[in-house]
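These notes concern the structure reproduced below.
The values are calculated or read from the model by the stated rules, or taken from the named source; none is laboratory data. Bear in mind the structure is a predicted one, so any value in this text is a computation, not a measurement. Neighbour counts are summed over all protein chains in view; Cβ atoms, including those assigned to glycine, are modelled from backbone coordinates with ideal geometry. Accessible surface is based on the protein model in full, side chains and every heavy atom, while ligands, DNA and RNA are left aside. Shrake-Rupley method; radii C 1.70, N 1.55, O 1.52, S 1.80 Å.
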Amino acid sequence: MARASIVSIKEKTLHLSNQSQVNADAVVFATGWESITGQIFSPELQAELGLPVLWDSLPETEAKYWKELDASEDRKILDLYPLFDNLPYIYIQQDVEYTPFRLFRSLVPPPLTADRNIVFLGQLGNVQQTSLAEINALWSVAYLEGLLPLERLVSDQDAVNREVARVNAFMKRRYPGRRNIPLALLEVRDWMDMLLRDLGVRTDRNRLAWERSVNRGFGWWGVKGWMAEWFKPYEPVVYRGIIGEFLERLGQQDDDKKTR
């Protein structure tokens, strides 16, 4: 154990402020509620990683690209949800100095060509922290280990950028007072379902819990399972077993490859 600050990182070696070195396969920054990315990354690297930076610090062409893309996706959100353009109250949108978070799935840098070596957990504000944290952790490990090909989720880099801009546009309209913070409050269940679908894990967790119940009997030929899915509140316990389900799916994929 070393009580010192990290001065630099080269490959798998951490150089510390007390002149010692530590070898590590992974580094976890447990920063709590305080963001320290500005103390770790330069503004240029922050922008590359999809973290907020001053708009004025971006190259003119890049700033123009993102502003046009943000405006385009904002129009699509208004087409989908006209209510956002006709709110029962007047809210004046203020100019924001900083760019929004541009993380794919609110977790990873958007470039498809980026090395799978960094994930930003806990950036999405929500009301089901424990459940989302477990799903985020599984998604992130799968991504870092190359078990989650992003190419299967999005067709190309342009699609990634549009997805990121569309999510930001929705959040901006849905929560206009959020101050550039990614939020999914009432939508957090849909967000978790999206991540589970990425992993190939079932999203109908209440129905699955009923199917696994030893006391389910015939269940009116599945009607009880259907009713549980649509009318029973979701609890954190229904997400138990997602790691095993994901590993089982990977095993099935390997078996399919062997039989081809």
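Condition check ((1) out of contact with any helix residue (DSSP H, G or I) (no Cβ under 7 Å at 6 or more places or on another chain); (2) under 28 Å from D25 (Cα atoms); (3) of a type in the set (K, R)) across all residues:
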{"residue": "I118", "(1), (2), (3)": "yes, yes, no"}
{"residue": "Q123", "(1), (2), (3)": "yes, yes, no"}
{"residue": "T130", "(1), (2), (3)": "no, yes, no"}
{"residue": "E151", "(1), (2), (3)": "yes, yes, no"}
{"residue": "S155", "(1), (2), (3)": "yes, no, no"}
{"residue": "D158", "(1), (2), (3)": "yes, no, no"}
{"residue": "V164", "(1), (2), (3)": "yes, no, no"}
Among the numbered criteria (1) touching a strand residue (DSSP E or B) at 6+ places or on another chain (Cβ under 9 Å); (2) closer than 29 Å to L54 by Cβ, which one does Q123 miss?
(1)
Of those in region 28-43 that are surrounded by 12 or more Cβ atoms within 10 Å (Cβ to Cβ) and out of contact with any helix residue (DSSP H, G or I) (no Cβ under 8 Å at 6 or more places or on another chain), the residue modelled with the lowest pLDDT is S35
Tell me yes or no: at least one residue of region 210-232 is in contact with an Asp or Glu (Cβ under 7 Å, 6 or more places away or on another chain), acidic (D, E), open to solvent by less than 50 Å² (accessible area, probe 1.4 Å) and farther than 17 Å from E134 by Cα.
yes
I need the full set of residues from region 39-81 which are touching a residue at least 60 places away in the same chain (Cβ under 8 Å), of a type in the set (A, V, I, L, M) and assigned to a helix (DSSP H, G or I), in order please.
L69, I77, L78
Just the residues that are open to solvent by 20 Å² or more (accessible area, probe 1.4 Å), among the basic types (K, R), more than 14 Å from the chain's Cα centre (by Cα) and under 30 Å from L250 (Cα atoms), please, taken from region 167-209.
R202, R207
Looking at this structure, is A30 among the aliphatic types (A, V, I, L, M), assigned to a loop (DSSP other than H, G, I, E, B), touching a strand residue (DSSP E or B) at 6+ places or on another chain (Cβ under 8 Å) and on the phi < 0 side of the Ramachandran plot?
no
Mind checking which pairs have a first residue in region 122-150 that is of a type in the set (S, T, N, Q) and a second that is assigned to a helix (DSSP H, G or I) and surrounded by 15 or more Cβ atoms within 10 Å (Cβ to Cβ), Cβ under 6 Å, 6 or more apart or different chains?
N126/L132; N126/V188; Q128/V188; S131/Y239
Step by step: first the residues of region 85-118, then only those that are open to solvent by 30 Å² or more (accessible area, probe 1.4 Å) and not in a loop (DSSP other than H, G, I, E, B), then the one that is modelled with the lowest pLDDT. Which residue is that?
D85
Check region 153-172 and report whether any residue there is more than 24 Å from P82 (Cα to Cα) and among the basic types (K, R).
no
It is to be established whether one or more residues within region 196-213 are of a type in the set (S, T, Y), modelled with pLDDT of 90 or more and under 30 Å from D74 (Cα atoms).
yes
